[in-house]
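Accompanying notes for the structure given below.
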Amino acid sequence: MLSVLIWVPLFGAALIAFWPKISGKTARQLSLVIAGGLFLWSLVLAGLFDPSNPSLQFKEYIPWLTPLGLNYYLGVDGLSLPLVILNGLLITIAIISTNVGISRHQLYYSSILLIAAGIAGTFLSQNLLLFLLFYEVELIPLYLLIAIWGGKNKGYAATKFLLYTAVSGFLILASFLGIVWLTHTLDFDLDTISATALGVSSLPLNTQLILLGGLLIGFGIKIPLVPFHTWLPDAHVEASTPVSVLLAGVLLKLGTYGLLRFGVGLFPDAWLVISPWMASWAVVTVLYGAFCAIYQKDMKKMVAYSSIAHMGYILLGFAAANSTSLLGSVMQMVSHGLISGLMFLTVGVVYRKAGSRDLDIIQGLLNPERGLPLIGTIMILAVMASAGIPGLVGFVAEFIIFRGSMDVFPVQTLLCMVGTGLTSVYFLMMMNKAFFGRLSEYVVNLPPVQWRDRIPAMILALIIVVLGIQPNLMVRLSDASTTALAHTQPLFAHHLAEKL
């Protein structure tokens, strides 16, 4: 059942790439059918999923390269299922929002489907080498999407992304090899490593810290955390709108998911030692991202730095590592994917219609007659969700994280709450300059917004509202798994509370 999410887009990518003289319209329709089918299939899996069972479900196991310890081992639980659904949704949204007449359409749509397969495989893999294989699959397609269909400095941004991600993969591979070698396991299967003589916990603490350090930096580059974040604003600014949606919506979640699964999950003792530092790192990421966003004039760059800041909340939840904070972190991954995807969509429409993202040039876009009133209204909703306004999904995720981390790291939690306030500051600045006031003379006679631009934004806006009003739709999927993971931590919250 899970292989469908991987092999169908792989087959679709090959079909589009090697189909002689396939038209752009046919390639678009075929890729949209595949992406939409994957999203619907992920919803079917969610319907069959038992949320009360924290163990892996729908497992698939095929011995592959046994001498190397590489097996085709798939499974899904409450940590990965919400992200699998998010992947299917945003891949579909990205294809819908793609320009109909895009050049080199075969390469473009096959690259999108390759990324869909790689992301799904990463979330579903239960073998460390298989995880890394899928983790790297998306590297070249995304590089091509930025380098070919990006902006003026696309070559620089794409190369920077490639180098950073390559270093990330190398560090993760080194840690994975160290884990298997030092624990004397026969393969790279996650459950085998966990069951072998207490797993990683049997290693000396200093050894655990070294191995965990490799994972922290490797996944920290991907998330990205300060100071490993510099590739992300460049990539977002140069990437096209659909690519930015995928980059912020799901690709960054490969880092947070990997850190949760392999950092928090495999290194409970070492994680206990470094958790105060992780909470402080989260504060630095949140505040640095927020202050950088305040000083941006480019709307897309402002949203990019906001994205970095909001990833810090996820790290704060990981640092506290109790059932509440971990649940909030998983919800924040989904929430951030929806909200950032919506914001990049709306900024993309503004850029196409107004010809600029510069806040010193555009103004008054909420003008009901000559502006972009619907897009402006949707942007207001996205800003409110990002700022944590009650009734929207952003508030639910951040509130649960703060509730879980407050007892463990009160100072760091309060500082991250300051970051939430700063979110309101820089987005109010953006809305005031770009959407309110008299319509700028530089952006008069704007072309009408087509339904192709409206529908994806309206879908994401609706989901943000529905999940904000009824968050149990997300909570029920992950609650049992995050509770089980939190119980692997050695009296985590109690120990830290006594120290504080």
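The values are calculated or read from the model by the stated rules, or taken from the named source; none is laboratory data. Bear in mind the structure is a predicted one, so any value in this text is a computation, not a measurement. Note that we place each Cβ from the backbone using ideal geometry, even for glycine, and neighbour counts take in every protein chain shown. Side chains are part of the model used for accessible areas, which takes the heavy atoms of the whole protein and leaves out ligands, DNA and RNA. Shrake-Rupley method; radii C 1.70, N 1.55, O 1.52, S 1.80 Å.
Scan segment 438-458 residue by residue and report those that are more than 25 Å from Thr92 (Cα to Cα) and either of a type in the set (Val, Ile, Thr) or assigned to a helix (DSSP H, G or I) (or both).
Result: Glu441, Tyr442, Val443, Val444.
Looking only at residues that are in contact (Cβ under 8 Å) with a residue 24 or more places away in the chain and in a helix (DSSP H, G or I) in segment 150-162, which one is nearest to Leu68 (Cα to Cα)?
Checked segment 150-162; the qualifying residue nearest to Leu68 (Cα to Cα) is Phe161.
Given the condition within 18 Å of Ile464 (Cβ to Cβ) and surrounded by fewer than 24 Cβ atoms within 10 Å (Cβ to Cβ), answer yes or no: does some residue in segment 363-374 qualify?
Yes.
Here are the criteria: (1) of a type in the set (Phe, Trp, Tyr); (2) in contact with a strand residue (DSSP E or B) (Cβ under 6 Å, 6 or more places away or on another chain); (3) assigned to a helix (DSSP H, G or I). Tell me which single one Phe11 does not satisfy.
(2) is the only condition that Phe11 fails.
Exactly one of (1) under 30 Å from Ala480 (Cα atoms); (2) surrounded by fewer than 18 Cβ atoms within 10 Å (Cβ to Cβ) is unmet by Ser42. Its number?
In the conditions (1) under 30 Å from Ala480 (Cα atoms); (2) surrounded by fewer than 18 Cβ atoms within 10 Å (Cβ to Cβ), Ser42 misses (2) alone.
Looking only at segment 306-336, which residues are hydroxyl-bearing (Ser, Thr, Tyr) and within 14 Å of the chain's Cα centre (by Cα)?
Ser306, Ser307, Tyr313, Ser329, Ser335
So for segment 60-82 (the condition being more than 26 Å from Val245 (Cα to Cα), of a type in the set (Asp, Glu) and without any contact (Cβ under 8 Å) to a residue 40 or more places away in the chain), does at least one residue qualify?
So far as segment 60-82 goes, no, none of its residues is more than 26 Å from Val245 (Cα to Cα), of a type in the set (Asp, Glu) and without any contact (Cβ under 8 Å) to a residue 40 or more places away in the chain.
Kindly indicate whether Val243 is within 18 Å of Ala304 (Cβ to Cβ), touching a Gly at 6+ places or on another chain (Cβ under 8 Å) and either among the aromatic types (Phe, Trp, Tyr) or assigned to a helix (DSSP H, G or I) (or both).
It is true that Val243 is within 18 Å of Ala304 (Cβ to Cβ), touching a Gly at 6+ places or on another chain (Cβ under 8 Å) and either among the aromatic types (Phe, Trp, Tyr) or assigned to a helix (DSSP H, G or I) (or both).
Does Ala235 satisfy the criteria of being in contact with a helix residue (DSSP H, G or I) (Cβ under 6 Å, 6 or more places away or on another chain), touching a residue at least 40 places away in the same chain (Cβ under 8 Å) and open to solvent by 10 Å² or more (accessible area, probe 1.4 Å)? Outline the logic, then answer.
Values: in contact with a helix residue (DSSP H, G or I) (Cβ under 6 Å, 6 or more places away or on another chain): yes; touching a residue at least 40 places away in the same chain (Cβ under 8 Å): yes; open to solvent by 10 Å² or more (accessible area, probe 1.4 Å): no.
Spelling it out, it is not the case that Ala235 is in contact with a helix residue (DSSP H, G or I) (Cβ under 6 Å, 6 or more places away or on another chain), touching a residue at least 40 places away in the same chain (Cβ under 8 Å) and open to solvent by 10 Å² or more (accessible area, probe 1.4 Å).
Considering every residue within segment 157-175, establish whether at least one is open to solvent by 10 Å² or more (accessible area, probe 1.4 Å) and among the β-branched types (Val, Ile, Thr).
yes
Can you name every residue in segment 382-417 that is open to solvent by 40 Å² or more (accessible area, probe 1.4 Å) and assigned to a helix (DSSP H, G or I)?
Residues satisfying the conditions are Met384, Phe395, Phe399, Arg403, Met406, Pro410, Val411, Leu414, Leu415, Met417.
Which condition breaks for Thr377 when tested against (1) closer than 20 Å to Leu254 by Cα; (2) open to solvent by 10 Å² or more (accessible area, probe 1.4 Å)?
(1)
Considering Val264, Val303, Val286, which residue is hydrophobic (A, V, I, L, M, F, W, C) and either without any contact (Cβ under 8 Å) to a residue 24 or more places away in the chain or touching a Cys at 6+ places or on another chain (Cβ under 8 Å) (or both)?
Criteria check complete, one pass: Val286.
I'm trying to understand the selection: among the residues of segment 283-334, which are surrounded by 24 or more Cβ atoms within 10 Å (Cβ to Cβ), over 12 Å from Ile400 (Cα atoms) and among the polar types (S, T, N, Q)?
Selection gives Thr285, Ser306, Ser307.
Within segment 183-197, track down each residue that is assigned to a helix (DSSP H, G or I) and surrounded by fewer than 16 Cβ atoms within 10 Å (Cβ to Cβ).
Correct list: Asp191, Ala195.
Could you please find all residues in segment 369-406 being farther than 21 Å from His336 by Cβ and at pLDDT 90 or above?
Thr377
Could you give me the residue pairs with C-beta distances under 7 Å whose first residue belongs to segment 400-418 and is free of Cβ contacts under 8 Å to residues at least 12 places away in the same chain, whose second residue is buried (at least 23 other Cβ atoms within 10 Å of the Cβ) and hydroxyl-bearing (Ser, Thr, Tyr) wherever it lies, and which are 6+ apart or on separate chains?
Matching pairs, first to second residue: Met406/Thr413.
Could you list, in sequence order, the residues of segment 222-231 that are more than 9 Å from Tyr164 (Cβ to Cβ) and touching a residue at least 40 places away in the same chain (Cβ under 8 Å)? Give the derivation first.
Residues of segment 222-231 more than 9 Å from Tyr164 (Cβ to Cβ): 223, 225-227, 229.
Listed by number, the residues that qualify are Ile223, Leu225, Val226, His229.
List, please: which pairs have Cβ atoms under 6 Å, are six or more places apart or on different chains, and start with a residue in segment 372-392 that is on the phi > 0 side of the Ramachandran plot and end with one that is open to solvent by less than 50 Å² (accessible area, probe 1.4 Å)?
Gly388/Gly394; Gly388/Glu398; Gly388/Thr420; Gly391/Gly468
Restricting the search to segment 222-240, which residues are over 19 Å from Ala293 (Cα atoms) and touching a Phe, Trp or Tyr at 6+ places or on another chain (Cβ under 6 Å)?
Residue satisfying the conditions is Ser240 alone.
Limited to segment 258-280, what total is found for residues that are surrounded by fewer than 23 Cβ atoms within 10 Å (Cβ to Cβ) and not in a helix (DSSP H, G or I)?
1
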